[in-house]
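Peer 1: Quick one: this structure, given as structure tokens, is what I'll be asking you about.
Nothing in this text is a laboratory measurement; each read-out follows from the coordinates by a stated rule. Worth saying up front: this structure is predicted, and the values here are computed from it rather than measured. Note: ideal-geometry Cβ built from the backbone for every residue, glycine included; neighbour counts use all protein chains shown.
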Amino acid sequence: MGAASRRAFSSVDSAAACAFTGGSNPAHFTAEHVAFRASVRAFVQREVEPHIEAWEAAEAFPRDLYAKAAEVGLLGLGFPEELGGVPGDPFLNYVAHAELCRAGSGGLCAGLMSHTIGLPPVVKMGTPEQHARIVGPVLAGEKVMALGITEPGGGSDVANIRCRAERDGDHYVLHGEKVFITSGVRADFVTTAVRTGGAAEGGAGGISVLVVQGGGPDGAFGVGSEEERAAGLTRTKLSKMGWACSDTAALHFDGYRVPAANLLGEENRGFGGLMANFNNERFMIAVWACEMAAVATQEALDWARERHTFGAPLLSHQVVRHRLVDMHTRICATRSMAEGLGARLAAGESSKQLVSELAMLKVQATDTAEYCAGHAVQILGGAGYMKGGCKSERIFRETKVLSIGGGASEIMKDLATRQLGW
Ligand SMILES: Cc1cc2nc3c(=O)[nH]c(=O)nc-3n(C[C@H](O)[C@H](O)[C@H](O)COP(=O)(O)OP(=O)(O)OC[C@H]3O[C@@H](n4cnc5c(N)ncnc54)[C@H](O)[C@@H]3O)c2cc1C
């Protein structure tokens, strides 16, 4: 990487060189990363920041945001060019997600980018016909995609899926339930894990992946319409502690028919295809957690500079400075770990060691988010407890979902130890 690119990277955050850049190694970022960061930042400032408080209060962001995000290359990022994507390495993803985090709304990140968990199994296991029908419209922001794995019976034990799909002619008939599905109310497509196997293929062996099409078996009805309900798919919006502007749903299937043409890969062999994206998902959640921690820390630092108590700025008190530097230290360590793993992912590594370190990264990053958001609210005092205008308040409420979703911390630690052979 040339000196010009390095200068460009370091100038991006010259005014706020603390929480937003600490622990980052400019050597990982090329001129392309720098340019993309600037374009996503402009998108966030123009299309998101002015509206985010209203979207959080309304518990929804507008559907046309998908198309706008597609225009700047956000939705296609990391997907193959021939399918309408924008090829990119983990660092392009890193800068894009870090910039989305600047709005301080994890709900926006999770909702707008739900295709990053729903689409990879389609890309990996889908046929050219499925690619053309499903991937292109989602990456163009015309259709919304979700991933349906978790069930009321449990989410951590992914192999214990109970939602059943029985083959009936040209269709599968679904009975069962999915919960906590991001974008589940508005999704046109839900990449859904179902049990197709008999008793002989228990556990991971009997799982298939179907793309459930909203609006009836052939998409002829409206998503969430009365006709869709009559056809056997009921979507229920769920209310949450945080991630307010993301749509989260319970999906109930009562004889809902899905075209057999929407089966991804082979029947009873879908588990591996679902698992294949888990490393990327963990990496992305870790980036969100680390960068949300940075947003909260920066907000607290700015406040500590401005706010005076007993005739002096908060920052003049050693206890406040120490608290801020403890927050910053955790962000630096996490970012450095994330970038190191990003470089190994970019190099194509897929070792057990890498899988274990990604699991540990998710725990490290989400612990950092909890630590920083908690201390940021403390430094902000009463202002940090008020809704509207204070990002730390929102981030504080959002930290828990990061250490539960996409593999809870306990599960990540178990995975790490297994991969290490302990
Ligand atoms: C806002 C939100 C959005 C989500 N979006 C999606 C989505 O889009 N698609 C989707 O499929 N899912 C989604 N999820 C579900 C999420 O992935 C699950 O909540 C998560 O995997 C945990 O599953 P669970 O909630 O069933 O908890 P459980 O599996 O019941 O676990 C409960 C607790 O017990 C712990 N635990 C479980 N087993 C063990 C063990 N063996 N040892 C020690 N501790 C254990 C867990 O770590 C957790 O702390 C979402 C969740 C939330 C909250």
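Peer 1: Which whole-number percent is the relative contact order of the chain (Cα, under 8 Å, 6+ apart)? Let's see the in-between values first.
Peer 2: Working: 781 pairs, mean separation 71.0, N = 422.
Across the chain, relative contact order equals 17 percent.
Peer 1: Arrange Asp168, Asp89, Asp414 by Cβ neighbour counts within 10 Å, fewest through most, would you?
Peer 2: Working: Asp168 11, Asp89 17, Asp414 14.
Placing the least packed residue first, the sequence is Asp168, Asp414, Asp89.
Peer 1: Of all beta bridges DSSP finds with both residues in the stretch 80-191, what is the antiparallel percent, to the nearest 5? Could the numbers behind the result be given before it?
Peer 2: On the way: 6 of 9 bridges.
Here the share of antiparallel DSSP bridges comes out near 65 percent.
Peer 1: How large is the helix-only mean residue ellipticity at 222 nm for the chain, computed as the sum of -39500 (n - 2.57) over DSSP H runs with n ≥ 4, divided by its residue count, in deg cm²/dmol to the nearest 500?
Peer 2: Working: 16 runs with 193 residues, N = 422.
Helix-only estimate at 222 nm: -14000 deg cm²/dmol.
Peer 1: So, one more: What FRET efficiency, computed as 1/(1 + (r/R0)^6) with R0 = 56 Å and r the Cβ-Cβ distance, is obtained for Ala67 and His317, rounded to the nearest 0.05?
Peer 2: Values: r = 48 Å, r/R0 = 0.86.
Rounded to the nearest 0.05, the efficiency is 0.70.
Peer 1: Remind me, relative contact order of the stretch 3-118 in percent, using alpha carbon pairs under 8 angstrom and six or more residues apart? Spell out each step's value before the answer.
Peer 2: On the way: 92 pairs, mean separation 28.5, N = 116.
That works out to 25 percent.
Peer 1: Over the stretch 144-271, what is the percentage of antiparallel beta bridges among all DSSP beta bridges, to the nearest 5? Mind dumping the intermediate values first?
Peer 2: Working: 30 of 36 bridges.
In the stretch 144-271, DSSP labels about 85 percent of beta bridges as antiparallel.
Peer 1: Now for a separate question. Where the only charges are on Cβ atoms (+1 Lys, Arg; -1 Asp, Glu), what is the dipole of the stretch 144-271 about its Cα centre, to the nearest 20 debye? Before the final figure, lay out each step's value.
Peer 2: On the way: 12 positive and 16 negative charges, 76 e Å.
Once rounded to the nearest 20, the dipole reads 360 debye.
Peer 1: Would you mind ranking Met292, Met145 by Cβ crowding within 10 Å, fewest neighbours first? Present the calculation step by step, with values, prior to reporting the outcome.
Peer 2: Values: Met292 31, Met145 26.
With the fewest neighbours first, Met292, Met145 line up as Met145, Met292.
Peer 1: Assuming 0.36 nm per residue, please report the length gained on full extension of the stretch Glu226 to His308 beyond their Cα-Cα distance.
Peer 2: Computed gain between Glu226 and His308 is 23.8 nm.
Peer 1: Can you name the helices of the chain, as whole DSSP H runs, whose Cα span along the helix axis is 20 Å or more and whose Kyte-Doolittle mean is not below -0.5?
Peer 2: 278-306, 318-346, 352-380, 391-404
Peer 1: Sticking with this structure for a sec: Antiparallel DSSP bridges in the chain: what percent, to the nearest 5? Could you put the intermediate results ahead of the total?
Peer 2: Working: 32 of 39 bridges.
Bridges in the chain are about 80 percent antiparallel.
Peer 1: Give the order of Leu263, Leu345 when sorted by the count of other beta carbons within 10 angstrom, beginning with the fewest.
Peer 2: Values: Leu263 23, Leu345 19.
In order of increasing Cβ crowding within 10 Å: Leu345, Leu263.
Peer 1: What is the distance in Å between the Cα centres of the stretch 239-259 and the stretch 89-160?
Peer 2: 15
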